[in-house]
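Below you'll find the structure, written out as structure tokens, and then a few comments.
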Amino acid sequence: MTFQETLQEFANATGAKGAVMLAWDGETVASYAAGAGTEMDLIGAQHAPVLDIIKEASSRHDPSASVQTIFITSAFARLSISVIKDNYCLVASLERFTPMGKVIVESRKAVQRIEEEMG
């Protein structure tokens, strides 16, 4: 299964507007948008560095606990950012009231498939 197919499956399972796989420098590896006009490359580009900052802050609090998924919620939307190995992440654009538990479960499945594909 290609990265894009995995992203599409993840988006369909969670109702996400789209999903993007990024390298830590914000470079897009693969993306999927459920509808026209959703530019996941632009939505995701700034969030890899945000995840890096959160991981650093978290390691200062508890070095043994690694960050897996974070959520950012605004008045109108929600983003999930999940860690893929050490140098990649999965960003999804979601409706504001998308259940976080479902996104966590589905993102773990997607991350596992992506990591298997990466080798």
(message) Show me, for the stretch 96-104, the HN-Hα J-couplings you get by feeding each phi into the Karplus relation (A = 6.51, B = -1.76, C = 1.60, θ = phi - 60°), rounded to Hz, glycine and proline as x.
(response) 4, 9, 4, x, 5, x, 4, 5, 4
(message) So I have (i) 20, 17, 14; (ii) 42, 18, 11; (iii) 39, 12, 11, and one of them is semi-axes √(5λ) of the Cα gyration tensor in Å calculated from this model. Which one is it?
(response) (i)
(request) Averaging sequence separations of C-alpha pairs under 8 Å and six or more residues apart, then dividing by the length of the chain, give the relative contact order as a whole percent. (result) 28
(message) Keeping every protein chain present and rolling a 1.4 Å probe, give me the accessible area per residue for the chain in Å².
(response) 55
(message) List the residues, sorted by chain then number, that are 5 or more residues from Val29 or on another chain and whose placed amide H is less than 5 Å from its amide H.
(response) Met21, Leu22, Ala23
(message) Tell me the net charge near Val103. Cut-off is 12 Å between Cβ atoms, Val103 excluded, with +1 for each Lys or Arg and -1 for each Asp or Glu.
(response) +2
(request) Return the ratio Rg/(2.2 N^0.38 Å) for the stretch 76-119, where Rg is computed over Cα atoms only. (result) 1.21
(request) Choose one answer from Arg60, Arg78, Arg96: the residue with the largest mean-square fluctuation in a GNM of the chain with alpha-carbon springs under 10 Å. (result) Arg60
(request) Determine the share of the chain's accessible area contributed by carbon and sulfur atoms, expressed in whole percent, with a 1.4 angstrom probe. (result) 52
(request) Please find, in a Gaussian network model of the chain (springs between Cα atoms separated by less than 10 Å), the residue of Ala23, Ala75, Ala48 whose mean-square fluctuation is greatest. (result) Ala75
(message) Between Asp52, Asp86, Asp25, where does the largest GNM mean-square fluctuation fall for the chain, given springs only between Cα atoms within less than 10 Å?
(response) Asp86
(request) Can you work out the PRE-style zone for Asp25? Point 7 Å along Cα to Cβ, and I want the residues of the stretch 75-95 with backbone N under 14 Å. (result) 87-88
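The values are calculated or read from the model by the stated rules, or taken from the named source; none is laboratory data. Predicted model only: the values in this text are computed from it and were never measured. Here Cβ is always computed from backbone atoms with ideal geometry, including for glycine, and neighbour counts include all displayed protein chains. All accessible areas refer to the heavy atoms of the entire protein, side chains included, with ligands and DNA or RNA removed. Shrake-Rupley method; radii C 1.70, N 1.55, O 1.52, S 1.80 Å.
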